[in-house]
Amino acid sequence: MSYTSPYELKSPLYYLLIALALLVLCGGLLAVHEMESQGHIITGMNNQVVWGMPHVFAIFLIVAASGVLNVSSIGSVFNKPDYKARSPLAGLLSIAMLGGGLMVLMLDLGRPDRIIVAATNYNPTSVFAWNIVLYSGMFATVFVYLWTMMERRMYPWSKAAGLAVFVWRFVLTTGTGLIFAFLVARQAYASAILPPMFIILSFAWGFAVFYLAQSAIYAWNGKTLEAHVQKRMSRLMGVFVIGALYLVATYHLTNLYFARQTAFEHFILLDGGVYPQLFWLGYIVIGNLLPLLLIFHPSLGKTKSVVGASLAIILGAFALLYVFIIGGQAFPLDIFPGFETSSAFGDGVIASYRPSVFEVLLGLGSLAAAFLITAIGIRVLNFVPREVPQKVEHH
Amino acid sequence: MSEIDTQRRNFLKTSVGAAAVAIAPGIMLFDIAHGKPEGASSKVRWGMLIDTAQCKTGCNECVTACNKENGLSGGTAATDSQWIRKIEIKDISNGRELSLPMMCQHCEHPPCVDVCPTNASMKRADGIVLVDKHRCIGCRYCMMACPYKARSFVHEPLHDQNPDVPRGKGTVESCTLCVHRVDEGRQPACVESCPNKAILFGDLNDANSEIAVKVRAVASVQIRADLHLNPGVRYQGI
């Protein structure tokens, strides 16, 4: 393919951002070093809240990595040319976020040096073990998919590879939801609705990340997104946000219906302090109402508003995951249903958790890693969307 | 004797000596570690019956004994390991109060074993649920899965470990039912320490054992029996 990039990413801002991301990544690695030498005592995690801030970042990145491939699927599986032009960028973003997510997940382990043990001992009943296969398979399928799109001789295989990616990411996000759905004893988690909920959330989050990346690339190159593409993409993003909100609402409403779950819902939605605040203000207002307004209000919905909407969706995602992961663990296990309990091990009381700077640095490091993979990827390879020429009747 | 025979004899002597030197430490270490040549038997199901009527509020002897036996600090911060804890429970409907010890319930179908990605969480043939410290990668998924909150994560570097009970920073641990004592035919430390003999330990599968006789004779419950995990620890008087 003869290709001369019109996208010259030479602006000083580009290099500044690369340098900044490297700095943040180094901060993350420094945090890992401290966590490994001093132990998890320097994090906010404890024996009650065993998964903390690193898992919020990891699950956001992994879920968004799956959802961003929606752009590819609409192009390759459903044959929409506007989206097909964007498939390579979506594939790159997916690999970048999956890499960042896995990085933080692995480096938070108590013994990350034993990763070879995870690769060589496989428990077929463990959802984590399934996910090791799902994540590595996802890398492989997306790589093959990118190859079929970027190498002319492989073009005929592009649709088949796109279909494989389409199926794989559904299974992958199902696997992510199942990590929680199979925890029978935890009030916040044991629910079959979690895998579909994560899938629809992934659509919204992945799309928001894609829109941000695309807007940044276009802005750096002084280009504007064609109006019809911009409108189509922003509307679809709005639909995904509504779909995700519906499933989150269903999850809470079904919980409210079960008498044994009402205490938990009361905690997470009303009197649980930071958790209801983050849920209502962070997820509902910033993560849903604000983006819907920015997208669908007649006088808004242009690129700048939709960039704002994308940022709001991402912030809302972090709020929701914090409530879901940390709030879900903070609520005490009901070991003796019908009894009040107390002990020296936090039985019967809301667990406290304050994220430490090391956890946040590790999480930000994973975002920086994902950014670096993307930024360097679009510089060295042909990932940037090129519009399919419009047919005459559109002009 | 020919020169070749002498050489051969010397060679054999040296070989036997070298082999002895190579094997001896292994045999000695095996002895020091109280290793047993035969594995755990699936004919046995170790379990406990805890009589809550005999367990006293404020008494912490079992916890202290466990900490001492297993080299735990005894701290009760949220990041400290607690393999056994006393729980005070109060019936919401009638105000009846009880005190009881809670630890790994050594389930027949342990969720921690199901979720462990590396098979570090495992159930021995005789029903004791353990963590292989050399395989645990510290993902804490088992802690999320345990309905009894029986597991702790080692958050800090360790000092002065009991050689019989190896632990490791960055790995998950829990009550081992004092497997090192059980394998020597002794009782777990908490059982021995209880001043009121509230904890009865033994083989649930042996119809003539004291525990099996008592489980048949008195009403006992398994905690969260609704989850159908069939714990090896039963409670009397709840």
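Where a number appears in this text, it was derived from the coordinates with a stated rule and is not lab data. Predicted model, so just to flag it, every value in this text is computed and none were measured. Cβ sites come from the backbone with ideal geometry, for glycine too, and all protein chains shown count toward neighbours.
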- Item | Spin-label model distance (nm) - A:ALA119 vs B:LYS197, 7 Å beyond Cα toward Cβ | 5.7 nm
- Note on the structure: Per the 1/(1 + (r/R0)^6) rule, R0 = 25 Å and r from the Cβ atoms of A:ASN382 and A:MET106, FRET efficiency to 0.05 is 0.25
- Task: Convert each backbone phi in the stretch B:62-70 into a coupling constant with the Karplus relation 6.51 cos²θ - 1.76 cosθ + 1.60 (shift: θ = phi - 60°), then list the ³J(HN,Hα) values in order as whole Hz, x for Gly and Pro.
- Result: 5, 5, 4, 5, 4, 4, 5, 4, 9
- Length released on extending from A:LEU163 to A:ALA19, taking residue separation times 0.36 nm less the Cα-Cα span: 48.1 nm
- Counted charge near B:PRO231, where neighbours are those whose Cβ lies closer than 9 Å (Asp, Glu -1; Lys, Arg +1): +1
- Rounded to a whole number of µm²/s, how large is the Stokes-Einstein D of the stretch B:80-233 at 4 °C and 1.567 mPa s, given Rh as the Kirkwood radius over C-alpha pairs? 77 µm²/s
- Message: I'd like the mean, over residues of B:223-236, of how many other protein chain beta carbons sit within 10 Å of each residue's own Cβ.
- Response: 1
- Query: Mean residue ellipticity at 222 nm from the helices of chain A, using -39,500 (n - 2.57) per DSSP H segment of n ≥ 4 over the full residue count, to the nearest 500 deg cm²/dmol?
  - Reply: -20500 deg cm²/dmol
- Message: Please arrange A:VAL248, A:VAL77 by how many other C-beta atoms lie within 10 Å of their C-beta, fewest to most.
- Response: A:VAL77, A:VAL248
- Query: How much net charge surrounds A:SER191 when only other residues with a Cβ under 13 Å from its Cβ are counted (Lys, Arg +1; Asp, Glu -1)?
  - Reply: +1
- So, over other residues within a Cβ distance under 14 Å of A:ALA161, counting Lys, Arg +1 and Asp, Glu -1, the net charge is +3
- Once both axes come from the Cα atoms, what is the angle between helix A:127-150 and the longest principal axis of chain A, in degrees from 0 to 90, rounded to 10? 10 degrees
- Rounded to the nearest 10 degrees, the helix A:12-38 long axis (Cα) sits at an angle to the longest Cα principal axis of chain A of 30 degrees
- Message: Which one, B:ASN230, A:THR303, A:PHE267, projects farthest toward the positive side of the charge dipole computed for the protein assembly as shown from Cβ point charges (K/R +1, D/E -1)?
- Response: A:THR303
- Return the FRET efficiency for the residue pair A:THR254, B:ALA18: r is the Cβ-Cβ distance, R0 is 51 Å, and the value is rounded to the nearest 0.05. 0.15
- Task: Express in nm, to one decimal, how much length is gained between A:LEU293 and A:ILE193 on full extension, taking 0.36 nm for each residue of separation and deducting their alpha carbon distance.
- Result: 33.3 nm
- Mind checking which of B:ASN67, B:PRO111, B:VAL218 is farthest towards the positive end of the stretch B:46-236's charge dipole, using Cβ charges of +1 (Lys, Arg) and -1 (Asp, Glu) about the Cα centre? B:PRO111
- Estimated FRET transfer efficiency when R0 is 41 angstrom, pair B:HIS159-B:GLU97 (beta carbons, to 0.05): 0.60
- Between the stretch A:112-142 and the stretch A:262-318, how many Å separate their Cα centres? 33 Å
- If one compares the long axis through the Cα atoms of helix A:87-107 with the longest principal axis of the Cα atoms of chain A, the angle in degrees, nearest 10, works out at 30 degrees
- Message: Which of the three applies to the stretch A:12-382, rounded, prolate or oblate, going by the alpha-carbon gyration tensor with a ≥ b ≥ c and a/c under 1.5 meaning rounded?
- Response: prolate
- Message: For a distance above 12 Å, tell me the whole-number percent of Cα pairs in the stretch A:310-352 that qualify.
- Response: 66 percent
- Message: Quick check: Cα centre of the stretch B:57-101 to Cα centre of the stretch B:192-238, how many Å?
- Response: 18 Å
- Message: Placing +1 on the Cβ of each Lys and Arg and -1 on the Cβ of each Asp and Glu in the protein assembly as shown, which of B:ALA78, A:ALA161, A:THR173 has its Cα farthest towards the positive end of the resulting dipole?
- Response: A:ALA161
- Extending each Cα 7 Å along its Cβ direction at B:ALA219 and B:THR76, get the distance between those two points in nm, one decimal. 3.1 nm
- Message: Could you give each residue of the stretch A:48-58 its phi-based ³J(HN,Hα) in whole Hz, using Karplus coefficients 6.51, -1.76, 1.60 with θ = phi - 60°, and x for Gly or Pro?
- Response: 9, 9, 8, 10, x, 4, x, 6, 5, 5, 4
- Note on the structure: Percent of all alpha-carbon pairs of the stretch A:161-231 at distances over 15 Å, whole number, is 67 percent
- Task: Using 0.36 nm per residue of separation minus the Cα-Cα distance, give me the extension gain between B:GLU38 and B:GLU108 in nm, one decimal.
- Result: 23.0 nm
- Item | Using θ = phi - 60° and Karplus 6.51 cos²θ - 1.76 cosθ + 1.60, couplings along the stretch A:222-227 (whole Hz; Gly, Pro as x) | x, 9, 10, 6, 4, 4
- Least to most buried among A:TRP130, A:TRP280 (fewest other Cβ within 10 Å first): A:TRP280, A:TRP130
- Message: Which of B:ARG135, A:ARG152, A:ARG232 has the fewest other C-beta atoms within 10 Å, and how do the rest follow up to the most?
- Response: A:ARG152, A:ARG232, B:ARG135
- For the stretch B:114-238, give the magnitude of the charge dipole about the Cα centre (Cβ charges: +1 Lys/Arg, -1 Asp/Glu; no others), in debye to the nearest 20. 320 debye
- Query: Dipole of the protein assembly as shown, Cα-centred, from +1 at each Lys and Arg C-beta and -1 at each Asp and Glu C-beta, to the nearest 20 debye?
  - Reply: 1820 debye
- Taking H placed 1.01 Å from N in the peptide plane, check which residues at least 5 places from B:ASN205 or on another chain put their amide H under 5 Å from its amide H. B:ARG45
- Considering the protein assembly as shown, what Rg and Dmax in Å follow from its alpha-carbon atoms? 29.0, 112
- Given charges of +1 on the Cβ of Lys and Arg and -1 on the Cβ of Asp and Glu, with all other atoms neutral, how large is the dipole of chain B about its Cα centre, in debye to the nearest 20? 260 debye
- The longest stretch of chain B containing none of the GluC sites (Glu not before Pro) that sit in a DSSP loop with at most 12 other Cβ atoms within 10 Å is B:39-183
